[in-house]
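Working notes for the structure below.
The values are calculated or read from the model by the stated rules, or taken from the named source; none is laboratory data. All figures in this text were calculated on a predicted structure; none of them were measured in a lab. Heads up, the Cβs are rebuilt from the backbone with ideal geometry, glycines too, and the neighbour counts pull from every protein chain shown.
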Amino acid sequence: MRIGLFIDTFNLGGAETMLLDIAGLLKASGHTPILLHFGNPYLNEYAAKHGLENYVVPNHKAYKKTLTLPIFAFKTISFLKKLQLDCLHTHLFGSITGMAVPAKLAGIRHVGTLHDVYTIEEAPKRINLLKMAVAFGTKLIAVSSPMRNFYQARGNFKPESLTFVANFVPAYAHSGDRAEVRAELGVNEQDFVIFSVGRLVSLKRFDLIIDAAKICKQTHSDKNIKIFIAGGGELEQPLKQQIAQTQTQGVVTLLGERNDIPKLLSAADTFVLASDTEGMSRSILEAMAAELPIIATDVGGNSDLVVPDQNGYLVPPNNASALAEKFGFLAGEQEICNKFSTCSKQFAISKFGAEQFLAQHLANYQGK
């Protein structure tokens with residue numbers, strides 16, 4: 001099958017990573033993925049590296065404005081027809097609603113993956129645009145069961161119009177030598193290393209992790225807790241200022257944007273995600289595959305990934321004290337950490353494998 005994969009963003013986050021994962025799986029299984037975007041440099045780079053068909057969708061200026069969106073739709077019909085797609089798979093709310101009409105009029109099956117709920121939470125009337133997309137034949141996919149339930153409640157969609165496909169993560173062993181990576185990071189074997197990964201934006205709440213580090217410095221100073229945050233974004237300077245103000249320079253380190261996350265995770269003892277909202281966290285899945293205990297806020301799809309007291313803990317959102325309590329507890333409980341590590345890897349392999357993920361998407365592409 002020829003599958004168009006479209007996203008309207010210019011960065012590389014969880015949704016973009018999933019799109020590229022799907023492209024890789026499709027190619028490996030004998031299908032033809034076609035990357036479609038408005039000039040995303042990360043998608044361009046991936047396509048060049050892996051020899052994929054890659055097109056910049058024209059008329060971005062018309063796409064950006066509601067009043068001119070019909071013009072975009074009309075002009076995009078012929079563009080899509082020339083690609084001879086068997087299915088168009090779009091990602092994120094804007095891409096789904098923007099391509100619903102062109103795909104319908106071009107006679108192409110359309111599948112759209114929703115990656116968040118805050119788009120609707122902050123503007124509830126947007127659900128009507130998704131209803132319009134479904135009316136034009138779009139099949140919606142949520143990346144977690146709580147997200148599917150959210151959209152079902154808001155949009156009252158029929159079961160055949162809204163489904164759930166969990167993200168996947170390849171099973172892999174640590175790609176770095178633990179001792180070497182820890183030495184690079186300036187920590188020793190006695191330190192309890194906590195990692196977090198994500199864009200430095202407000203929704204990810206890295207400020208809570210820093211506040212938790214301040215609490216740990218006061219209440220668990222004997223545990224040698226070290227926290228590393230990998231990621232870039234608009235809040236880098238404010239977070240650096242917060243680290244200075246809380247005097248946690250010896251506890252928290254910002255690593256910036258990194259392309260060696262699997263290697264870094266080999267140095268960790270646990271993984272934390274403190275977001276206010278999540279779809280299906282790719283970073284948690286990668287940490288699970290790296291055999292790490294997980295501490296995460298009880299939001300979105302995190303409850304699909306973390307089973308309390310089996311592979312980690314769920315804590316209330318916006319609660320630095322709860323984070324600090326779990327940091328301090330796990331830092332002193334090696335046996336529990338070992339148990340959680342084993343379960344994380346088992347969950348990653350058994351519940352979130354690539355074969356099941358691909359099979360479910362192929363079924364949706366075929367209209368099954």
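Side notes on the structure shown:
- Selection of region 13-30 for residues being surrounded by fewer than 19 Cβ atoms within 10 Å (Cβ to Cβ) and not hydroxyl-bearing (Ser, Thr, Tyr) yields GLY13, ASP21, GLY24, LYS27, ALA28, GLY30.
- Filter result (part of a helix (DSSP H, G or I) and either within 12 Å of GLN249 (Cα to Cα) or modelled with pLDDT of 95 or more (or both)) within region 217-233: LYS217
- From the options THR32, THR90, THR66, THR76, residue that is in contact with a Pro (Cβ under 8 Å, 6 or more places away or on another chain) and either more than 30 Å from ILE127 (Cβ to Cβ) or assigned by TED's automatic domain parsing to the domain that holds ILE120 (or both): THR76
- Subset of region 280-306 [at pLDDT 95 or above and either surrounded by fewer than 24 Cβ atoms within 10 Å (Cβ to Cβ) or more than 29 Å from LEU12 (Cβ to Cβ) (or both)]: ASP298
- Output for region 323-368, where each listed residue is under 23 Å from HIS110 (Cβ atoms) and of a type in the set (A, V, I, L, M): LEU358, ALA359, LEU362, ALA363
- In summary, PRO159 fulfils each of the numbered conditions (1) in the same structural domain as PRO102 (by TED's automatic domain parsing); (2) at pLDDT 90 or above with the single exception of condition (2).
- Subset of region 89-110 that is touching a Gly at 6+ places or on another chain (Cβ under 7 Å) and among the β-branched types (Val, Ile, Thr) - its residue that is nearest to GLY367 (Cα to Cα): THR90
- The helices (runs of 4 or more DSSP H) located wholly in region 280-331 that include 2 or more residues which are outside the structural domain of SER144 (by TED's automatic domain parsing) and under 14 Å from the mean Cα position of the chain (by Cα) occupy 282-289, 302-305.
- Pairs, first assigned to a helix (DSSP H, G or I) in region 357-368, second of a type in the set (Asp, Glu) and modelled with pLDDT of 95 or more, C-beta under 9 Å, six or more apart: TYR365/ASP86
- Scope region 224-238; condition over 22 Å from ASP269 (Cβ atoms) and hydrophobic (A, V, I, L, M, F, W, C); matching residues: LEU235
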